[in-house]
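Just so you know, all these numbers are worked out from the coordinates, no wet-lab data involved. Please read these numbers as outputs of a predicted model, since none were measured by experiment. Positions of Cβ are backbone-derived with ideal geometry, glycine not excepted, and every protein chain shown enters the neighbour counts.
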Amino acid sequence: MSSIQSFQDLEVWKKSVDLAEAVYRASGCWPKEERFGLTQQLRRAAASIPANIAEGAERRGTREFLYFLGIAKGSLAETRTFLVLAERLNYLDATAFPDLQRQTEEISRMLSGLAKSLKAKLPDH
């Protein structure tokens, strides 16, 4: 991670922004009655992932970064849940759901890997 100058250099942050953008695009044509329901909840959860990665990266210590990665992981779980619900309600087309699920799985693995790497740098490890 020596080439990391900013949270914007983190691949997991970039992929999380891509996911949030894809979620916004996929949910743009959902029923109007969902505007303040599932659409808003999904969009907020998806946007929260890169936001928490960024906030954690800008904090002073490794433990704080780990804390915010945990929050990002929780937002990712929310996003995955809302995507399943949207798929069950037939709000997502047949190709969108598998692609979004693949993205969430990749981000989950990346968040876990980053957390593991950071934990290894803590003095008690």
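Can you list residue pairs whose Cβ atoms sit under 8 Å apart, with the first residue in the range 97-125 being more than 17 Å from Gly74 (Cα to Cα) and the second being of a type in the set (D, E, K, R) and surrounded by 11 or more Cβ atoms within 10 Å (Cβ to Cβ)? Count only pairs 6 or more apart in sequence or on different chains.
Taking only residues 6 or more apart or on different chains, the pairs are Phe97/Glu87; Leu122/Arg63; His125/Lys119.
Considering only residues that are of a type in the set (Asp, Glu) and over 23 Å from Ala54 (Cβ atoms), which ones fall in the range 66-125?
Matches in the range 66-125: Glu87, Asp93, Asp99, Asp124.
Identify, from the list Glu87, Glu64, the residue that is closer than 24 Å to Asp124 by Cβ and charged (D, E, K, R).
After applying the criteria, what remains is Glu64.
If you go through the range 59-78 one residue at a time, how many are surrounded by fewer than 16 Cβ atoms within 10 Å (Cβ to Cβ) and under 17 Å from the mean Cα position of the chain (by Cα)?
Summing the residues that are surrounded by fewer than 16 Cβ atoms within 10 Å (Cβ to Cβ) and under 17 Å from the mean Cα position of the chain (by Cα) in the range 59-78 gives 4.
When you scan the range 1-100 for helices (runs of 4 or more DSSP H) that lie fully inside it, which ones turn up with 2 or more residues that are over 18 Å from Gly113 (Cβ atoms) and polar (S, T, N, Q)?
Because the criterion is at least 2 residues that are over 18 Å from Gly113 (Cβ atoms) and polar (S, T, N, Q), the helices (runs of 4 or more DSSP H) in the range 1-100 that meet it are 38-58, 62-88.
If a residue must be within 20 Å of the chain's Cα centre (by Cα) and among the acidic types (Asp, Glu), how many such residues does the range 1-46 contain?
Matching residues across the range 1-46 total 4.
Across the range 16-55, which residue is nearest to Gln101 (Cα to Cα) among those that are surrounded by fewer than 16 Cβ atoms within 10 Å (Cβ to Cβ) and in contact (Cβ under 8 Å) with a residue 12 or more places away in the chain?
Ala22
Can you name every residue in the range 79-107 that is small (Gly, Ala, Ser) and surrounded by fewer than 16 Cβ atoms within 10 Å (Cβ to Cβ)?
Within the range 79-107, just Ala94 meets the criteria.
Could you grab me the full set of residues in the range 103-122 that are farther than 18 Å from Trp13 by Cβ, among the basic types (Lys, Arg) and assigned to a helix (DSSP H, G or I)?
Within the range 103-122, Lys119 is the sole residue that qualifies.
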